[in-house]
Structures are given as C-alpha cells and as structure tokens.
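Heads up: the structure comes next, in structure tokens.
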Amino acid sequence: MITLSLDDVINIHDEILTTERGSQGYYGNDRLGGALGRIETNVLYGGMDDLFEVAALYIEAISKGHCFVDANKRTALTAASTFLELHDVTLKTEKNLAYVVESFVKNEINSNDLADILREMSIY
C-alpha cells in the first residue's frame, strides 16, 4: 500500500495556503511524523488494509493531531483524498466532505462512520 510521506503532507498544506486563508507553519517533524507514524504502524503492523479506513485515519491523525498552525482539517481531507487517488479512488466531491470532517473533529461521528462516508462518496 502506498502511503504519504512527511514531505507530501507538508506540500499539501503549503499548496492549500497558496489559494486559501490561513497561517503558514507546522509544529515540527515530531508531531507530524508521529501522526503519520500512526498510519504506517496500522498499515504495516496492525493489518489495516481497507483504503477507506486508512483515509479516515489520515483525517484523524492530521486534523486531531493539530500538526499545523492552521488548515489542519483542510490538509487532512486533502491528504486523505490524495492517498485515495494514489490507489485509483476518486472522491466525488471534497466540498461536502468538509462538513463531514468538521463533524468528525467535533466527535459527532466516529472513524468507522467517516470511513463509510468516504466509501459512499467515492468512485472506484
């Protein structure tokens, strides 16, 4: 399974902030590396092989890990979308998913719900 690198996620974040409002910067390789390490550990050692569960974990790790000064939720969603694209899965629309990510961060839905929604809103 192809996963995103630290540089991939930083580039996603920086690209978002070239067109949208928000403050640049992140809290260092330890925080972001730790968040991405959770994903690697689950994929490599935890047997997580469902693409949508992994995409949901990207959203959880980045958005709730507060890895960046700003745009954590936007970066999380774009990282999840990019991860899925690497596996030939396209999200139908990211705009509606922004509300889903907000609900997830507010603990109104859980990671299983999030994975199911990503699955339902995908073309593959």
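The values are calculated or read from the model by the stated rules, or taken from the named source; none is laboratory data. Everything numeric here is computed off the predicted structure, so don't read it as measured data. With ideal geometry, Cβ positions are generated from the backbone for all residues, glycine too; neighbour counts draw on all protein chains shown.
Every residue, every condition in (1) among the hydroxyl-bearing types (Ser, Thr, Tyr); (2) in contact with a Ser or Thr (Cβ under 7 Å, 6 or more places away or on another chain), yes or no:
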position	(1), (2)
Ala71	no, no
Thr82	yes, no
Thr90	yes, yes
Ala98	no, no
Lys106	no, no
Ile109	no, yes
Leu114	no, no
Ser122	yes, yes
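Please find, among Thr3, Thr19, the residue that is surrounded by 14 or more Cβ atoms within 10 Å (Cβ to Cβ) and hydroxyl-bearing (Ser, Thr, Tyr). First the steps, then the outcome.
Working: Thr19 fails: surrounded by 14 or more Cβ atoms within 10 Å (Cβ to Cβ).
Exactly one of Thr3, Thr19 is surrounded by 14 or more Cβ atoms within 10 Å (Cβ to Cβ) and hydroxyl-bearing (Ser, Thr, Tyr), namely Thr3.
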### Query
Out of the stretch 76-124, which residues are over 16 Å from Thr3 (Cβ atoms), acidic (Asp, Glu) and modelled with pLDDT of 95 or more?
Glu102, Glu108, Asp113, Asp116, Glu120
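Can you tell me which residue is farthest from Ala98 (Cα to Cα) among those in the stretch 16-60 that are among the acidic types (Asp, Glu) and either free of Cβ contacts under 8 Å to residues at least 40 places away in the same chain or not in a helix (DSSP H, G or I) (or both)?
Of the stretch 16-60, the ones among the acidic types (Asp, Glu) are 20, 30, 40, 49-50, 53, 60.
Applying the additional criterion that residues be either free of Cβ contacts under 8 Å to residues at least 40 places away in the same chain or not in a helix (DSSP H, G or I) (or both) yields 20, 30, 40, 49-50.
On the way: Glu20: 14, Asp30: 26, Glu40: 24, Asp49: 24, Asp50: 22 Å.
Across the stretch 16-60, the extreme among qualifying residues is Asp30.
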